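The values are calculated or read from the model by the stated rules, or taken from the named source; none is laboratory data. All values reported here derive from a predicted model rather than from experimental measurement. Positions of Cβ are backbone-derived with ideal geometry, glycine not excepted, and every protein chain shown enters the neighbour counts. Ligands, DNA and RNA are excluded from the accessible area calculation, which covers all protein heavy atoms including side chains. Shrake-Rupley method; radii C 1.70, N 1.55, O 1.52, S 1.80 Å.
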Amino acid sequence: MTDLLETPAPPAAPGTTWWRQAVVYQVYPRSFADSNGDGTGDLPGLTARVPHLARLGVDAVWLSPFYPSELADGGYDVADHRDVDPRIGTLEQFDELVAALHGAGVKLIVDVVPNHSSDRHPWFQQALAAAPGSPERERYVFRRGRGERGELPPTDWTAAFGGPAWEPVGDGQWYLHLFAPEQPDWNWANPEVREDHLRTLRFWADRGVDGFRIDVAHALVKDLSEPLPSAADLAAGDLPDGAHRLFDRDEVHEVYREWRELFDSYDPPRTAVAEAWVPAHRRARYASPEGLGQAFNFDLLQAGFDAASFRAVVEDNLRLAAQAGSSSTWVLSNHDVVRHASRYALPAGTDEEAWLLSGGTEPVADRERGLRRARAATAFVLALPGSTYLYQGEELGLPEVADLPAEALQDPTWRRSGGTRKGRDGCRVPLPWSAGGPSHGFGDGPAHLPQPGWYAALAADAQEGEAGSTLEFYRRALAQRARSQTAEELEWVTGTPADVVAFRRPGGWTCVTNFGTTPVPMPTGRVVLSSGPVGETLLPGETTVWLEGEAGAGR
Ligand code: GLC
């Protein structure tokens with residue numbers, strides 16, 4: 001009584017498919033490790049921590065933007081796509097990082113931000129200095145405003161962080177920014193823009209990076225023909241696929257076909273993963289072998305911690321990934337969302353924005369439960385076929401820092417929403433490496449976002465060698481995953497209690513999660529990993545076990 005989901009591995013040369021089932025660890029560099037005590041994490045800090053990553057057992061690091069930036073959006077406002085922010089390091093230090101990672105057997109994926117640049121980018125500065133209609137302005141999206149003197153924005157569109165999506169430049173023209181005003185959107189109809197991005201990709205691929213994470217991959221190509229629609233028309237939900245004026249247009253895949261040719265001209269080919277917020281059935285286009293190769297599925301970020309939701313997400317995504325000829329991507333946390341140890345600590349249906357606004361007091365988070373569930377969910381996704389993307393600090397079981405004071409907030413969301421949305425700083429607080437020290441081992445001085453006192457107990461050195469600590473659990477899980485890793489197949493175990501989801505992987509690896517709170521009989525087999533304490537005969541609630549041998553639904 002099983003159903004088999006099989007993803008046939010495509011024919012490929014050895015060494016070219018590492019990404020299909022990789023564990024990728026996301027580093028948000030300004031909050032990872034600070035080597036010079038200026039409060040901001042940097043490349044030498046990261047290089048010094050490569051042993052931590054190697055010991056953890058990750059296959060690759062995804063490095064969020066480290067390029068020169070005014071930090072209007074945490075580095076996603078890039079002033080020079082082919083350099084390193086001097087506050088973070090130098091190109092030589094980047095090369096040292098690549099060498100250290102590769103020396104430790106860890107690959108490197110860098111973030112590419114192709115939808116927009118920073119307003120400090122030389123091309124945007126040239127555009128501002130040039131006249132309306134000039135080739136300089138044609139690299140971005142400038143339009144004349146409405147009204148006699150162009151004093152009104154061309155449309156009523158709003159930006160992702162709040163406020164209007166157009167900014168006036170004083171001569172009757174306005175430029176488009178889907179995100180912050182400091183992030184003008186590129187004009188992808190302009191061949192110069194396309195060529196410049198190919199240069200950027202070659203620049204980093206030549207320096208040895210193994211892959212790219214493509215920011216807002218679904219937004220680059222827009223239909224900005226006149227008349228521009230109103231916000232209400234844009235939002236009308238019944239558009240045929242590929243017909244939205246701003247997002248997920250079919251033509252964007254011409255860009256990625258060209259990029260794929262570039263990636264495949266390297267040996268081994270460079271990998272890429274799309275951050276594309278598109279309906280599930282449109283994801284395959286980004287993830288196809290002719291396109292970027294892989295696309296994030298963020299479904300678990302939105303799913304409640306319950307058996308039915310988790311199973312449905314997995315079934316859908318294994319099917320979709322197989323259709324795309326890709327492997328699936330599992331994400332529980334990243335730099336844009338409330339950390340999963342906190343999401344799972346809140347009652348189902350909690351409005352996370354409101355919870356953050358209350359400083360994390362309404363409702364009160366059940367931290368112990370959140371961590372128990374987070375570890376169970378992590379063990380669940382690590383057993384699935386496909387790759388898992390981990391976010392820095394989740395290996396310490398860090399919850400969200402929900403009570404950052406307003407004056408410390410850096411996320412443009414806070415200001416742009418007029419203080420109605422707190423934003424993403426709570427998952428970006430610099431990591432605690434040690435229980436003591438001025439910034440818990442992050443650096444020699446105070447960190448750029450204040451760390452809470454409770455960080456001490458969760459610091460890496462406090463968890464080192466501690467049986468049962470989250471850090472040791474992650475290490476064991478990744479080591480066991482590497483030992484058990486097998487073909488991209490999954491077979492559901494049926495006949496389990498309603499709150500239990502169980503599946504087998506080839507080679508006798510079974511994963512069983514009890515999403516409920518009532519203990520269930522421990523399935524047969526030898527327990528090789530558990531996300532929390534387990535007994536001989538009972539699998540406690542909110543716990544995952546991995547079993548080897550003839551594992552089944554019950555004893
Ligand atoms: C992506 C990034 C996010 C950033 C936005 C604009 O969604 O993950 O952090 O703010 O793009 O670049």
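Name the residue that is nearest to the ligand (Cβ to nearest atom), counting only residues in the range 157-180 that are in contact (Cβ under 8 Å) with a residue 60 or more places away in the chain and either buried (at least 22 other Cβ atoms within 10 Å of the Cβ) or at negative phi (or both). Per the criteria, the residue is Phe179.
Being within 16 Å of the ligand (Cβ to nearest atom) and over 18 Å from Trp204 (Cβ atoms): is that true of Arg20 here? Even if it seems obvious, please write down each step before you answer.
Working: within 16 Å of the ligand (Cβ to nearest atom): no; over 18 Å from Trp204 (Cβ atoms): yes.
No, not satisfied.
Selection of the range 307-356 for residues being surrounded by fewer than 24 Cβ atoms within 10 Å (Cβ to Cβ), touching a strand residue (DSSP E or B) at 6+ places or on another chain (Cβ under 7 Å) and of a type in the set (Val, Ile, Thr) yields only Val331.
Identify all residues within the range 123-156 that are within 16 Å of the ligand (Cβ to nearest atom) and under 21 Å from Pro229 (Cβ atoms); write none if there are none. Walk me through how you get there before you give the answer.
Of all residues in the range 123-156, those within 16 Å of the ligand (Cβ to nearest atom) come to 124, 140-141.
Within the range 123-156, Tyr140, Val141 meet the criteria.
If you go through the range 62-107 and pick out every residue that is away from the ligand (no atom under 16 Å from the Cβ) and among the hydrophobic types (A, V, I, L, M, F, W, C), you end up with 11.
Checking the structure you have, find out if any residue of the range 251-271 is more than 22 Å from Leu201 (Cα to Cα), open to solvent by less than 40 Å² (accessible area, probe 1.4 Å) and in contact (Cβ under 8 Å) with a residue 24 or more places away in the chain.
Step one: list which residues in the range 251-271 are more than 22 Å from Leu201 (Cα to Cα), which gives none.
Within the range 251-271, not a single residue is more than 22 Å from Leu201 (Cα to Cα), open to solvent by less than 40 Å² (accessible area, probe 1.4 Å) and in contact (Cβ under 8 Å) with a residue 24 or more places away in the chain.
Residues checked against (1) modelled with pLDDT under 95; (2) over 30 Å from Arg49 (Cβ atoms); (3) assigned to a loop (DSSP other than H, G, I, E, B); (4) open to solvent by less than 10 Å² (accessible area, probe 1.4 Å):
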residue	(1), (2), (3), (4)
Arg475	no, no, no, no
Leu478	no, no, no, yes
Arg504	no, yes, no, no
Val527	no, yes, no, no
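For the range 327-385, a tally of residues being within 30 Å of Leu547 (Cβ to Cβ), of a type in the set (Ser, Thr, Tyr) and part of a loop (DSSP other than H, G, I, E, B) returns 4.
Tell me yes or no: at least one residue of the range 53-61 is assigned to a loop (DSSP other than H, G, I, E, B), buried (at least 18 other Cβ atoms within 10 Å of the Cβ) and acidic (Asp, Glu). Among the residues of the range 53-61, at least one is assigned to a loop (DSSP other than H, G, I, E, B), buried (at least 18 other Cβ atoms within 10 Å of the Cβ) and acidic (Asp, Glu), which makes the answer yes. Flag set for Gly145, criterion: surrounded by fewer than 22 Cβ atoms within 10 Å (Cβ to Cβ), touching an Asp or Glu at 6+ places or on another chain (Cβ under 8 Å) and more than 16 Å from Arg245 (Cα to Cα). What pairs come out if I take residues in the range 33-49 that are without any contact (Cβ under 8 Å) to a residue 40 or more places away in the chain and pair them with residues that are assigned to a helix (DSSP H, G or I) and of a type in the set (A, V, I, L, M, F, W, C) whose C-beta lies under 8 Å away, six or more apart or interchain? Every condition considered, no pair remains. Taking Phe124 and the conditions (1) crowded, with 17+ Cβ neighbours inside 10 Å; (2) within 24 Å of the chain's Cα centre (by Cα), which numbered condition does it fall short on, given that it satisfies the others? Condition not satisfied by Phe124: (2). Does Leu318 satisfy the condition of being in a helix (DSSP H, G or I) and under 26 Å from Val27 (Cβ atoms)? Against the criterion (in a helix (DSSP H, G or I) and under 26 Å from Val27 (Cβ atoms)), Leu318 does not qualify.
Just give me the residues in the range 77-121 being exposed (fewer than 15 other Cβ atoms within 10 Å of the Cβ) and at positive phi, in sequence order. Gly105, the sole residue that qualifies. Annotation: Ala284 fulfils all but one of (1) part of a helix (DSSP H, G or I); (2) modelled with pLDDT of 95 or more; (3) open to solvent by 20 Å² or more (accessible area, probe 1.4 Å); the unmet one is (2).
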